[in-house]
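Undergrad: Handing you a structure now.
What follows draws every value from the coordinates through simple rules; no lab data is involved. Predicted model, so just to flag it, every value in this text is computed and none were measured. Cβ coordinates were reconstructed from backbone atoms using ideal geometry, including for glycine residues, and neighbour counts include every protein chain displayed.
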Amino acid sequence: MTEPGGTQARAPWRATVLTLFPELFPGPLSASRAGEALKQGLWALEAISIREFGFGRHRAVDDTPAGGGAGMILRADVLGAAIDHAVAGNPQSPRICLSPRGEPLTQLVVRELAKGPGVMLLAGRFEGIDQRVIEARALREVSIGDYVLSGGELAAMVLIDAVVRQLPGVLNDEQSAAEDSFARSAGLLDCPHYTRPEVWDGEAVPAVLMSGHHAQIERWRLKQALGRSWQRRPELLERRGLSAEEVKLLEEFRQELKN
Ligand code: 4GY
């Protein structure tokens, strides 16, 4: 079917989450812009209980680790059935398992996922999930950072939130424009921000920001972004490389530190 404009109607971006705690969703994803966009149908969320695919009277989903050791592991047969069910409804969506051993979630990955039809996310619990499931169902393992959560649910929410704010129509025009301007200094840490009052606790807003001189303001912001990145995340500068002008700005930043 075609819409009045003649363009093809597209199904909203869809997140399907397999979890032992479906009641945790939408949780914080129901607030603010992501939540409004969810209500408007700009994206869709389905949390499916892994328990529904458990075995026996107790709907068991976990078992003791092969080879011994502490904790429990999510069973391959249970997860296989749960994933097959979720995939049947979203055959084109990438299948992702949230795990500290995954590839890092970056803005590049986020933008890639926002371009697709959605994601199928597996949120593990206990000590982990049976490795055969990861391989047989070609799960892409993704990590939100080098720390260990109690389960994959919070990580799934982080991923969904980051993707949803990239979807067309979720942020207002002003915010989207700000995103674009920030994309120009892509790969750097953000510059400092200020608002009223102009003097607070004896500290004034940097004079250049009050000057109305837009070129000078942009130059100052880029200098701060470069300086902070150099101080806190030097590897970001190495990966990105610096233009001659940026080298000059960073020199200025270091000089101003000494003053
Ligand atoms: N960090 N990034 C993370 C996590 C919890 C044991 C598998 C992370 O993405 N996920 O810490 N997840 C573990 C807990 C089962 C998920």
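Undergrad: Just the ratio, please: alpha-carbon radius of gyration of the stretch 84-129 over 2.2 N^0.38 Å, N its number of residues.
TA: Output field value: 1.26.
Undergrad: If you rank SER229, SER211 by fewest surrounding Cβ atoms within 10 Å, what's the result?
TA: Fewest-to-most Cβ neighbours within 10 Å comes out as SER211, SER229.
Undergrad: Identify which of GLN40, GLN107, GLN166 has the largest mean-square fluctuation in a Gaussian network model of the chain, with springs joining Cα atoms closer than 10 Å.
TA: Maximum among the listed residues: GLN40.
Undergrad: Take ARG232 and ARG101, extend 7 Å from each Cα along the Cα→Cβ direction, and tell me the distance between the two endpoints in nm.
TA: About 3.1 nm separates the two model spin labels.
Undergrad: Tell me, what ³J(HN,Hα) does each residue in the stretch 112-128 have, in order and in whole Hz, if you take phi through Karplus 6.51 cos²θ - 1.76 cosθ + 1.60 with θ = phi - 60° and put x for Gly and Pro?
TA: Result, ordered by residue: 4, 5, 5, 6, x, x, x, 9, 10, 10, 9, 9, x, 9, 6, 8, x Hz.
Undergrad: Turning to a different aspect of this structure: On the first, second and third principal axes, largest extent first, how far apart are the outermost C-alpha atoms of the chain in Å?
TA: 71, 58, 38 Å, listed from the longest principal axis down.
Undergrad: Taking H as built 1.01 Å from N, whose amide H comes closer than 5 Å to the amide H of TRP13, not counting residues under 5 places away?
TA: Counting only residues 5 or more places away or on other chains, the set is ALA44.
Undergrad: Could I ask something else about it? Assuming a ≥ b ≥ c are the square roots of the Cα gyration tensor eigenvalues, decide whether the stretch 188-230 counts as rounded (a/c under 1.5), prolate (otherwise, with a/b larger than b/c) or oblate.
TA: oblate
Undergrad: Here is a follow-up. Quick one: give the max-minus-min coordinate of the C-alpha atoms of the stretch 106-259 along each principal axis, largest first, in Å.
TA: Cα spread of the stretch 106-259 along its principal axes, largest to smallest: 59, 35, 34 Å.
Undergrad: Go ahead and run the numbers for FRET between ASP173 and HIS85, Cβ-Cβ distance against an R0 of 45 Å, rounding to 0.05.
TA: 0.70
Undergrad: Given springs between every Cα pair under 10 Å in a Gaussian network model of the chain, which of SER32, SER143, SER243 has the largest fluctuation?
TA: SER243
Undergrad: Moving to a separate point now. Strictly greater than 17 Å: what percent of every Cα pair in the stretch 195-255 meets that?
TA: I get 48 percent for the Cα pairs in the stretch 195-255 exceeding 17 Å.
Undergrad: In addition: Just check the stretch 57-121 against the gyration tensor rule for me: Cα atoms, a ≥ b ≥ c as the square roots of the eigenvalues, rounded for a/c under 1.5, and otherwise prolate or oblate depending on whether a/b exceeds b/c. Let's see the in-between values first.
TA: On the way: a/c = 4.02, a/b = 1.57, b/c = 2.56.
Since a/c reaches 1.5 but b/c is at least a/b, the shape of the stretch 57-121 is classed as oblate.
Undergrad: Going by C-beta contacts inside 10 Å, put LYS248, LYS258, LYS223, LYS39 in order with the fewest on the left. Each step should come with its number before you reach the end.
TA: Numbers: LYS248 13, LYS258 5, LYS223 20, LYS39 9.
Starting with the residue having the fewest Cβ neighbours, the order is LYS258, LYS39, LYS248, LYS223.
Undergrad: Using a Förster distance of 41 Å, how high is the FRET efficiency between GLU46 and HIS193, based on the Cβ-Cβ distance and rounded to 0.05?
TA: After rounding, the FRET efficiency stands at 0.65.
Undergrad: Separation of the stretch 43-88 and the stretch 192-221 by C-alpha centroid, Å?
TA: Between the Cα centres of the stretch 43-88 and the stretch 192-221 lies a distance of 54 Å.
Undergrad: For the stretch 1-103, take the convex hull of the Cα atoms, compute a quarter of its surface area, and give me that in nm², please.
TA: It is 10.1 nm².
Undergrad: Now a separate question. How large is Rg over Rh for the stretch 158-230, taking Rg from the Cα atoms and Rh as the Kirkwood inverse mean of 1/r across Cα pairs?
TA: Answer for the stretch 158-230: 1.04.
Undergrad: Sticking with this structure for a sec: Magnitude of the Cβ-charge dipole of the chain, K/R +1 and D/E -1, about the Cα centre, nearest 20 debye?
TA: 240 debye
Undergrad: With a Förster radius of 51 Å, plug the Cβ-Cβ distance of ARG254 and ARG57 into 1/(1 + (r/R0)^6) and report the FRET value to the nearest 0.05. Show your work: numbers first, answer last.
TA: Details: r = 68 Å, r/R0 = 1.33.
About 0.15, to the nearest 0.05.
Undergrad: Still on this model: Using a basic spin-label model with each label point 7 Å from the Cα along Cα→Cβ, how many nm lie between SER243 and ARG219?
TA: 1.3 nm
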